[in-house]
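This report concerns only the one structure given below.
The values are calculated or read from the model by the stated rules, or taken from the named source; none is laboratory data. All values reported here derive from a predicted model rather than from experimental measurement. As a convention, Cβ positions derive from the backbone with ideal geometry for all residues, glycine included, and neighbour counts pool all protein chains shown.
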Amino acid sequence: MFAALARAFADLSAPPMRRVVGLGLGLTVASFILLWLAVALALDRLVRFAWQPLDWAVQVLGAAGVLVVSWLLFPAVATLIMGLFLDRIAAAVEALDYPALAPPRRRPASEGLAVTLRMMGLSIALNLLALPVYLLAPGANFFVFLSLNGYLFGREYFEVVALRRLDRQAVAAVRRRFGGRVFLGGVVIAGLFLLPLVNLLAPAIATAFMVHVFVRLPEPRAVAP
């Protein structure tokens, strides 16, 4: 698992990856700024009191709340933005590190995007539901975040990568068979999103990382036609 992660970081410097990662990074930074502004505007419009000092106090606390909520929603939004590039990143990693692989299967472009949209919606909804735990349970909130998002990110990034080689039924079967490994990979990815600066590149690193995890699974997998 750690060898796959180290290889994913090394892949970022390869020429075929630089343009895709650079473009995705720019869009990811822009998405975080827009997300922060949207959450700040929503709190400013929704939270109003008749007493000015109370408004000021709420604004001060709201600034911290904006940062927390934006940070929690950022992984889902960043993955959605980078969803336009994840297949290209996976293809570049396969060409760099596994040139002997057969060509990927033919599939509609909407297939991977549908996976990203579905999991983004789940990620936003579940993390908002878990917000009280994040705020009121110091210590436990860290493990809740890793467990919840480990499941979501493990499943999402695994499907994005595996659907290049297998149909949906086969992907589901492989994911169930190696569920522990997929979940652990998701926990690693969730951890990447917690690291400042690294989180900006997390979707690209996660995709490359999951390519290595998938290709190295200890069972032959037939490529779907």
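Assorted remarks:
- Any hit, region 147-160, residues being at pLDDT 90 or above, at negative phi and not in a helix (DSSP H, G or I): no
- The set of residues in region 19-32 being within 17 Å of GLU94 (Cβ to Cβ) and touching a Leu at 6+ places or on another chain (Cβ under 9 Å) consists of VAL21 alone.
- Sole exception among (1) in a helix (DSSP H, G or I); (2) farther than 19 Å from LEU122 by Cβ; (3) modelled with pLDDT under 90 for PRO196, by number: (1)
- Just one residue in the set VAL211, VAL215, VAL161 is closer than 24 Å to GLU94 by Cβ, of a type in the set (A, V, I, L, M, F, W, C), surrounded by 15 or more Cβ atoms within 10 Å (Cβ to Cβ) and in contact with a Leu (Cβ under 8 Å, 6 or more places away or on another chain); that residue is VAL215.
- For region 172-191, a residue qualifies if it is surrounded by fewer than 22 Cβ atoms within 10 Å (Cβ to Cβ) and aliphatic (A, V, I, L, M), and the qualifying residues are ALA172, ALA173, VAL174, LEU184, VAL187.
- For region 98-116, the candidate set comprises residues that are in a helix (DSSP H, G or I) and touching a helix residue (DSSP H, G or I) at 6+ places or on another chain (Cβ under 7 Å); within that set, the residue that is nearest to ARG164 (Cα to Cα) is GLY112.
- The set of residues in region 96-146 being of a type in the set (Val, Ile, Thr) and modelled with pLDDT under 90 consists of VAL115, THR116, ILE124, VAL133.
- Which listed residue is at pLDDT 80 or above, in a helix (DSSP H, G or I) and either surrounded by 13 or more Cβ atoms within 10 Å (Cβ to Cβ) or of a type outside the set (Ser, Thr, Tyr) (or both), from ALA90, ALA42, ALA38, ALA78: ALA90
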